[in-house]
Structure formats: C-alpha cells, structure tokens
Amino acid sequence: MKVLQLMLSNPLLFSKKVARRFIHLYKLLIHLYKLHILKDEFTNEITRWFRDNGDETLRIDYPELNEESIVFDLGGYKGDFAQAINDKYGCTVYLFEPHPEFYDTCVQRFLSNDKLIPLNYGLSDKDGKFMLSDSVDGSSFLNPNHQDKSEIECEVKEIFEVLSKLEVSNIDLMKINIEGSEYPLLLHMISENRLSIVDNYQIQFHNFIDNADELRNKIIEGLSKTHVRTWCYTFVWENWKRK
C-alpha cells in the first residue's frame, strides 16, 4: 500500500528508489557471477591442467630451442623452470627475480652454470621501485589479497632499456608469471608494436586484477596480430607462438 501511495504521490522519488534497487540487484548478480561461475571456470581449467600434467609436458616442450636460444624467465622464483629448460635444451636463461631472498637462492643455485643468469629486478612498462608483498611464490606488486602481508622494496626496469643493455634483439621463449604485472608489461609491448621480438610467450594471466578479463582480451587481440595461440588453460597457463 505504501509503495502504491508513493508511486501516486511522488512518481519521481518512486522511480529513483526503483532504479537504486535495480542497480543494487545488478551489482549483486555480478558479484555472484564472479564468485561462483568464474571461480568454477578457473577450478575446471586448473583441474584440466593438472590432469594433462602440464607442468612436466607443455611448459617445457619447445623442440625448436637449442644451445643458441635465449630464454627470459620473468618471475623466476627459486629457478625451477630455468633449470628445467636449460637442462633440456642447453639454452641461455635470463632469470628475472625482484625478491632479494629468491634472487640470492638462484645466485647460489646457479654458481656453476654461466648460462643461467639471475637478475635482481623485474621487467615492466617503466622503471621504478615498488613494495612487493612477501608471499612465497605468489609475491606480488598488485594482488589486493596480500594487503596483510609483510612488504619488501623491490625494483623493476623498463623492458626495452633492459634488452638494449643486455644486447638481446630476439627472445626465443619468454615465460611470464609475475602475479598481475603481466598486464602493464604486455600492454606496453603492444603499444610499442614490439611483440614480435619474442618467438614464444608462455603466460600465466592472473584473475585477481580488476577488469582482468577485459585486459586479457585486449592483450589477446594484440598477440593475435603477430602470434598464434598453440594451447590455453584460461587463467592458468597459455602459449603464443610467432606466426
């Protein structure tokens, strides 16, 4: 009855109240979609990844690599991927790890192998120092879920300046697992029209970033112009090979 009275006595106020209710419902539905449907999709993809034994097969299956190849390992952590790819193909691996503890681990681990080169900074769209959340292999500049973690000051450098200093003009494989920072890095490479300097991109996109789907789609659109996707487990791992 009160609703009817309001509608008749003040239709403008009634319309505003109805609009607010619809907006609230819309936001609730979006939240539930992200919470349940997207989560289920990610769960399905990661289950499929482990079922296919992706870490031991797809991630190190690059038969075109050899002793002359250059690999960039972005987010090297303790060096497991760098070690595996070097063991299999004998290639030179530049391992970028901004976390000082993990970097030191890699330095000690690879003292006897001069083809595994740890560097104590990350690659990004610009130079800078950032507070890195200290969360073992999930350490991140950007993850909002790490707000209660301790922080360590770390460094990133603009990718093309680094390539110039290292005198690297082509990268045979770039593995990217940098906890959300893949978005500004790859968008920067797209904006500079320089995606083609990499033969293969092995990317882990992260879905905790705001608008992660939209950002990933924008990067996919850019990659599609120069590369073809050879396999994909959405928001787990995917690979793009230069056309």
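The values are calculated or read from the model by the stated rules, or taken from the named source; none is laboratory data. Note that the structure is a prediction, hence the values are computed from the model and not measured. Because the Cβ atoms are built from the backbone with ideal geometry, glycine has one as well, and the counts that use them run over all protein chains shown. Note: areas computed on protein heavy atoms with side chains; ligands, DNA, RNA excluded. Shrake-Rupley method; radii C 1.70, N 1.55, O 1.52, S 1.80 Å.
Results, tabulated for the structure shown:
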| read-out | value |
| --- | --- |
| Prolate/oblate/rounded label for the stretch 79-119 (Cα gyration tensor, a/c 1.5) | prolate |
| Sorted peptide list for 71-82, 95-106, criterion being average Cβ within 10 angstrom, highest first | 71-82, 95-106 |
| Leu215, Leu173, reordered so the largest accessible area comes first (probe 1.4 Å) | Leu215, Leu173 |
| Cα gyration tensor shape for the stretch 151-243, rounded if a/c is under 1.5, else prolate or oblate | oblate |
| Residue order for Val107, Val168 - accessible surface, 1.4 angstrom probe, largest first | Val107, Val168 |
| Three-way shape call for the stretch 37-125 based on the alpha-carbon gyration tensor, with the a/c threshold at 1.5 | oblate |
| Among the listed pairs Lys157/Lys225; Lys126/Lys175; Lys129/Lys243; Lys218/Lys243, those beyond 29 Å (Cα-Cα) | Lys129/Lys243 |
| Residue-normalised accessible area of the stretch 173-230, given per residue in Å² at a 1.4 Å probe | 40 |
